[in-house]
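Visitor: Sharing a structure with you now.
The values are calculated or read from the model by the stated rules, or taken from the named source; none is laboratory data. Just so it is clear, the model here is predicted, and its values are computed rather than measured. Don't worry about glycine lacking a Cβ; one is built from the backbone with ideal geometry, like all the others, and counts go over all protein chains shown.
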Amino acid sequence: MISEAKKKLIICSGILLLLILPAYARGYEETAVPNGGTIRGFVKVHGQLSRLKAPEVFKFKEVCKTVPNEELVIGRDRGVRYAVVVLEGMTKGKAVEREAVNELDNVNCRFVPHVQTASVGQWLVMKNSDPILHIAHAYFEDGQPQFNVALPPGKTRVC
């Protein structure tokens with residue numbers, strides 16, 4: 001059972017953020033990759049899907065009244081929107097673009113884009129375009145908090 005405070009935090013934050021595996025930072029050797037490959041494909045869902053229940057809004061209902069449930073978004077041909085594929089076990093390869101800036105903006109009580117991937121060492125800019133306070137948080141795979149940041153109305157935070 002999720003506590004009332006935690007439910008409020010989840011709804012207020014509206015964040016789904018994927019930080020590509022903290023383990024990626026340990027033991028990864030950056031090297032030149034002259035003949036690198038490309039992975040292309042589609043992630044599709046098979047079988048019956050249940051209708052997702054709309055998230056409960058506990059506070060600021062006038063601002064957060066139309067927050068969609070985006071736990072699973074299915075597009076044309078049953079494609080999974082916002083799917084992220086991770087290659088595990090990569091110990092060396094192309095250098096991470098350290099100056100890349102990844103941005104999330106809280107608009108109408110949800111982060112846009114809905115899913116954001118970033119590599120360890122890249123910048124994350126979080127904005128709040130809403131007129132209310134939001135709390136943004138992300139967790140490592142083991143459930144330990146990566147960050148928990150207050151986003152006052154109209155403000156930007158850089159992590």
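Visitor: Does the stretch 95-116 hold any residues that are of a type in the set (D, E, K, R) and out of contact with any Ser or Thr (no Cβ under 8 Å at 6 or more places or on another chain), and which are they?
Guide: Residues of the stretch 95-116 that are of a type in the set (D, E, K, R), as a first pass: 97-99, 103, 105, 110.
Result: R98, E99, E103, R110.
Visitor: Report, by residue number, each residue of the stretch 88-136 that is within 21 Å of V73 (Cα to Cα), in a strand (DSSP E or B) and among the β-branched types (V, I, T).
Guide: Passing the criteria: V107, V112, T117.
Visitor: Further, regarding this structure: Collect the residues in the stretch 101-159 that are charged (D, E, K, R) and in contact with an Asp or Glu (Cβ under 7 Å, 6 or more places away or on another chain), keeping them in residue-number order. Quick ask: steps written out before the conclusion?
Guide: At the first step, the residues of the stretch 101-159 found to be charged (D, E, K, R) are 103, 105, 110, 127, 130, 141-142, 155, 157.
K127 - this is the single residue of the stretch 101-159 that is charged (D, E, K, R) and in contact with an Asp or Glu (Cβ under 7 Å, 6 or more places away or on another chain).
Visitor: Conditions first: (1) modelled with pLDDT of 85 or more; (2) surrounded by 10 or more Cβ atoms within 10 Å (Cβ to Cβ); (3) outside any loop (DSSP other than H, G, I, E, B). L52 passes all but one, so which condition is the exception?
Guide: Going through the list (1) modelled with pLDDT of 85 or more; (2) surrounded by 10 or more Cβ atoms within 10 Å (Cβ to Cβ); (3) outside any loop (DSSP other than H, G, I, E, B), L52 breaks only (3).
Visitor: If you don't mind, there's one more thing I want to ask. Would you mind stating whether K127 is of a type in the set (K, R) and surrounded by 14 or more Cβ atoms within 10 Å (Cβ to Cβ)?
Guide: Values: of a type in the set (K, R): yes; surrounded by 14 or more Cβ atoms within 10 Å (Cβ to Cβ): yes.
Yes.
Visitor: Step by step: first the residues of the stretch 69-100, then only those that are surrounded by 14 or more Cβ atoms within 10 Å (Cβ to Cβ) and out of contact with any Asp or Glu (no Cβ under 8 Å at 6 or more places or on another chain), then the one that is farthest from G37 (Cα to Cα). Which residue is that?
Guide: E70
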